[in-house]
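Structure first, then comments.
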Amino acid sequence: MREDLLHFIWKYKKLQLTDLLTTNNQSVVIIDVGLHNHLAGPDFFNAKVNIDSQLWAGNVEIHIKSSDWYLHRHEEDSNYDNVILHVVWEDDASVFRKDGSEIPTLELKNYIPSKLLSAYQNLFDKKQKTFINCEKDIAQVGSFIFQNWLERLYFERLERKSEFVLSLLKDSKNDWEQVLFSLLLKNFGLKINGDAFLSLAGALDFSIVRKLQSDVLQLESVFFGMTHLLKDETVLDAYYIQLMKEYQYLKSKFDLADDGVIKPEFFKLRPLNFPTIRLSQLANLYASHQNLFDKVIHANSLGELYSLFDVFASTYWDNHFTFAKPSKKSTKKLTKKFIDLLIINSVLPMKFCHAKQLGKDTNESIISIISEIKKEDNSIISNFKNQGVTTKNAKDTQAILQLYNEYCTKNKCLECVVGNTLLQGND
């Protein structure tokens, strides 16, 4: 038995509702279960219960065993003085308030349908399950219910990403241009170089980027120099030497400090994701847009965003992936797939957070953009597909990732609409 099941049973009245008795044989009639509290304090606020023909209004606390009241030291906490009913699976101790009065206890053991308990046990039975608890049943949930849940999950994921955006905003002293710069750097670096690129954002004030935007070579020299990619004095490549000289000049002029910047990796990366290519593309992006943040914020369609990010690495990289090592000629343009990742992980979380800070609602615009982006493809999405779950676009796949990471892997089935629906169909 788990406490979350008892919460579910009380919240949705999935128990016998007639002839209920407290452990002291007082009649109980549930009028209002109250408001479910997920924070500190009693589990349900403002409930209404008729006990022995007397109407009580107050809070309800739920435990596996009555003795958990003392285990959690509720008798010392004034927040529990207004508990009118103690709901437990097993009554193993009498419970008293601070003033010495006994709290009525409702023991649920004999009031819960066996079919519901069986369905709950089956849900958490790990035998013959290879992926998630509800893998055999998730496809049974109606599409209307499931699609609404996915939309809620997508915004839940945006809220989670907003925490990082707000931390960047605080560190930058409310400079949204710096926030966008930091987000883009982190996501240009992808998983392997995300932290290294972010460390560059932490060491380079965006005011300097703004001053250098009109000269892409200067911008590249700072990006490459501060990430320790211009320290090989044996390289005789003319472009490399030019970048080194430019960086030394700008480092002195702006008193740049690169000590805290992590050197990015090349190992295990596809050439198109080499830090040299990505940093050049980012430099060209900022050289192309003097007011990138403003343009991103006012872009209300996927097409507008694609246009903003339609950039190439500098021409030197047409036949290079690293310094002084020629390669087959190919322009290093940001692919649509990569731009999609930038929009999903940088642009939309920032737009969402910025709108919230201003008290505006951009949810409809965000849903419109994310719904046009092609669905992502990874092992988690594939596993859900194998269970009969179809995804149409990036909104769905982002929601599925939130579902898996925050509910499935944490066994929060009773906080999930899928688990809720499956259990409610078995009471």
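Tabulated results
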read-out: Restricting the stretch 336-386 to residues that are without any contact (Cβ under 8 Å) to a residue 12 or more places away in the chain and of a type in the set (Gly, Ala, Ser), the residue that is surrounded by the most Cβ atoms within 10 Å (Cβ to Cβ); value: Ala355
read-out: Residue in the stretch 173-180 that is buried (at least 19 other Cβ atoms within 10 Å of the Cβ) and either outside any helix (DSSP H, G or I) or among the charged types (D, E, K, R) (or both) present; value: no
read-out: Helices (runs of 4 or more DSSP H) lying entirely in the stretch 314-427 (those with 3 or more residues that are under 18 Å from the mean Cα position of the chain (by Cα) and more than 30 Å from Tyr120 (Cβ to Cβ)); value: 336-342, 348-357, 363-372
read-out: Some residue of the stretch 288-296 being more than 24 Å from Gln178 (Cβ to Cβ), touching a helix residue (DSSP H, G or I) at 6+ places or on another chain (Cβ under 6 Å), modelled with pLDDT of 95 or more and part of a helix (DSSP H, G or I); value: no
read-out: Residue check for Ser162: of a type in the set (Ser, Thr, Tyr), surrounded by 14 or more Cβ atoms within 10 Å (Cβ to Cβ), assigned to a helix (DSSP H, G or I) and in contact with a Leu (Cβ under 7 Å, 6 or more places away or on another chain); value: no
read-out: Residue list for the stretch 238-261, restricted to those being surrounded by fewer than 16 Cβ atoms within 10 Å (Cβ to Cβ) and either touching a Pro at 6+ places or on another chain (Cβ under 9 Å) or assigned to a loop (DSSP other than H, G, I, E, B) (or both); value: Phe254, Asp255, Ala257, Asp259, Gly260
read-out: All positions within the stretch 126-146 that are loosely packed, with under 14 Cβ neighbours inside 10 Å and either under 22 Å from the mean Cα position of the chain (by Cα) or within 16 Å of Gln402 (Cα to Cα) (or both); value: Ile145
read-out: Cβ pairs under 6 Å, 6+ apart, first in the stretch 251-268 and assigned by TED's automatic domain parsing to the domain that holds Ser221 and of a type outside the set (S, T, N, Q), second modelled with pLDDT of 95 or more and assigned to a loop (DSSP other than H, G, I, E, B); value: Val261/Thr227; Lys263/His228; Pro264/Thr227; Phe266/Phe274
read-out: Which listed residue, of Ser214, Ser221, Ser280, is in a loop (DSSP other than H, G, I, E, B), within 23 Å of Thr315 (Cβ to Cβ) and among the hydroxyl-bearing types (Ser, Thr, Tyr); value: Ser214
read-out: Condition check for Leu272: over 16 Å from Leu230 (Cβ atoms) and not small (Gly, Ala, Ser); value: yes
read-out: Hits in the stretch 113-146 (condition: touching a residue at least 24 places away in the same chain (Cβ under 8 Å) and under 20 Å from Ile367 (Cα atoms)); value: Ile145, Phe146
read-out: Subset of the stretch 392-425 that is charged (D, E, K, R) and surrounded by fewer than 18 Cβ atoms within 10 Å (Cβ to Cβ) - its residue that is farthest from Arg2 (Cα to Cα); value: Lys392
read-out: Top-ranked residue of the stretch 218-237 - restricted to ones that are more than 41 Å from the chain's Cα centre (by Cα) and without any contact (Cβ under 8 Å) to a residue 60 or more places away in the chain, ranked as surrounded by the fewest Cβ atoms within 10 Å (Cβ to Cβ); value: Thr234
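The values are calculated or read from the model by the stated rules, or taken from the named source; none is laboratory data. Keep in mind it's a predicted model, so treat the numbers as computed, not measured. Cβ coordinates were reconstructed from backbone atoms using ideal geometry, including for glycine residues, and neighbour counts include every protein chain displayed.
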